[in-house]
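A.B. asks: Dropping the structure in here first, questions after.
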Amino acid sequence: MILPDDPDGPMLDIIEWQVPKADFPTPSPNTVPRVLAFRTENVRAAHRALKEKGVKFTTEEPTSIPAAGITGCIVAYDPNGT
């Protein structure tokens, strides 16, 4: 979802995690991935700046998903290491 008057502004994606599908009798908060995404002009510069501040990432360098139109993506662990 985006603001109609600001297509380059804040955006909210609602994602249903399909695979792997969690199958737990009573799911805990740690069984389903939680995503908070931010768009930036320069993902590589953001990655370097955050890494210098001690943020831990799942990969050493930004990745891309060309089929989805994603030219750069970084995934960080939360403060609890999740």
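A.B. asks: What about Asp5, is it modelled with pLDDT of 80 or more, open to solvent by 90 Å² or more (accessible area, probe 1.4 Å) and out of contact with any Phe, Trp or Tyr (no Cβ under 9 Å at 6 or more places or on another chain)?
C.D. replies: Yes; evaluated as a whole, the condition is true for this residue.
A.B. asks: Please go through region 69-82 and pick out each residue that is aliphatic (A, V, I, L, M) and open to solvent by less than 70 Å² (accessible area, probe 1.4 Å).
C.D. replies: Ile70, Ile74, Ala76
A.B. asks: Here is a follow-up. Within region 37-82, track down each residue that is among the aromatic types (Phe, Trp, Tyr) and not in a strand (DSSP E or B).
C.D. replies: Residues satisfying the conditions are Phe38, Tyr77.
A.B. asks: Restricting to region 22-57, and then to whatever is hydroxyl-bearing (Ser, Thr, Tyr) and surrounded by 10 or more Cβ atoms within 10 Å (Cβ to Cβ), can you tell me which residue is modelled with the highest pLDDT?
C.D. replies: The extreme case among them is Thr40.
The values are calculated or read from the model by the stated rules, or taken from the named source; none is laboratory data. Since the structure is predicted, the reported quantities are computational estimates derived from the model, not experimental observations. All Cβ positions, glycine included, derive from the backbone under ideal geometry; neighbour counts span all protein chains shown. Accessible surface areas use protein heavy atoms only, side chains included; no ligands, DNA or RNA. Shrake-Rupley method; radii C 1.70, N 1.55, O 1.52, S 1.80 Å.
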